[in-house]
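As structure tokens, the structure follows; a few thoughts come after it.
Please treat every number below as a calculation from the coordinates, not as lab data. Given the structure is predicted, the values throughout are model-derived calculations rather than measurements. Backbone-built Cβ (ideal geometry, glycine too); neighbour counts: all protein chains shown.
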Amino acid sequence: MKGPSHPGSPPPVGLSKTVNSVRHAWLLNEPLETPLRRQGAVQPPGSDNPVRSTTVEDESVSWRLIGPVSELSKKQCRLIYSSDGRDADVCLFYVSGEFLAMDARCAHSGGPLCDGDIEEADGVLQVFCPWHDYDFNLKTGKSSTGLQQQVYEVKLEDGNVYVKHTSELSLQPFGQVKEH
């Protein structure tokens with residue numbers, strides 16, 4: 001396991017798995033006392049609580065057009081800006097001929113994962129946060145540290161890349177005019 005700190009890196013803010021879960025519970029408008037329920041979630045055996053067929057997430061998550069495969073496949077990682085702000089930005093990775101997406105800010109201290117090293121070990125693609133070297137599986141978002149990054153579904157359709165997300169997404173920061 002890689003070490004949690006590099007000289008000169010920002011001090012840890014202490015974003016924990018719990019804080020990350022609280023943020024996601026708030027985004028999903030769900031009470032904190034219950035486990036987060038995602039579309040298609042399976043309840044544990046013996047559970048009396050059925051999975052809700054419609055949640056806030058179900059209603060607000062949409063496929064967001066990012067751009068053409070031909071352009072997006074030229075870089076290993078791109079920062080995709082969210083209309084909800086910096087904390088909802090997404091990293092779009094293109095590795096081994098596959099597009100993958102996850103939250104752009106590290107669950108540990110908010111480091112920029114798009115600036116991290118991408119490595120494959122034992123068939124597992126991982127990104128390492130440039131601030132404290134925390135590792136995250138690009139497909140599952142899981143880290144050997146116990147932290148979890150939110151991952152997003154990606155689809156290719158008619159030569160374009162789409163990411164399933166709650167907010168509008170763009171290759172350009174929102175509020176900035178693209179110069180021609």
| note | Scanning segment 151-180 for residues that are crowded, with 17+ Cβ neighbours inside 10 Å and more than 23 Å from residue 74 (Cα to Cα) gives 166, 167
| request: Restricting attention to segment 82-109, report how many residues are in contact (Cβ under 8 Å) with a residue 60 or more places away in the chain, assigned to a loop (DSSP other than H, G, I, E, B) and surrounded by fewer than 18 Cβ atoms within 10 Å (Cβ to Cβ). | output: 2
| query | Within segment 116-125, is even one residue closer than 26 Å to residue 62 by Cβ and of a type in the set (Gly, Ala, Ser)? | reply | no
| query | Taking residue 123 and the conditions (1) surrounded by 23 or more Cβ atoms within 10 Å (Cβ to Cβ); (2) at positive phi, which numbered condition does it fall short on, given that it satisfies the others? | reply | (1)
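Name the single residue, out of those in segment 134-150 being part of a loop (DSSP other than H, G, I, E, B) and surrounded by fewer than 20 Cβ atoms within 10 Å (Cβ to Cβ), that is nearest to the chain's Cα centre (by Cα).
At the first step, the residues of segment 134-150 found to be part of a loop (DSSP other than H, G, I, E, B) are 134, 138-141, 143-147, 149-150.
Next cut, surrounded by fewer than 20 Cβ atoms within 10 Å (Cβ to Cβ) only: 139-141, 144-147, 150.
Details: 139: 10, 140: 10, 141: 7, 144: 17, 145: 17, 146: 16, 147: 12, 150: 4 Å.
Step by step, filter segment 134-150, then rank; the result is 150.
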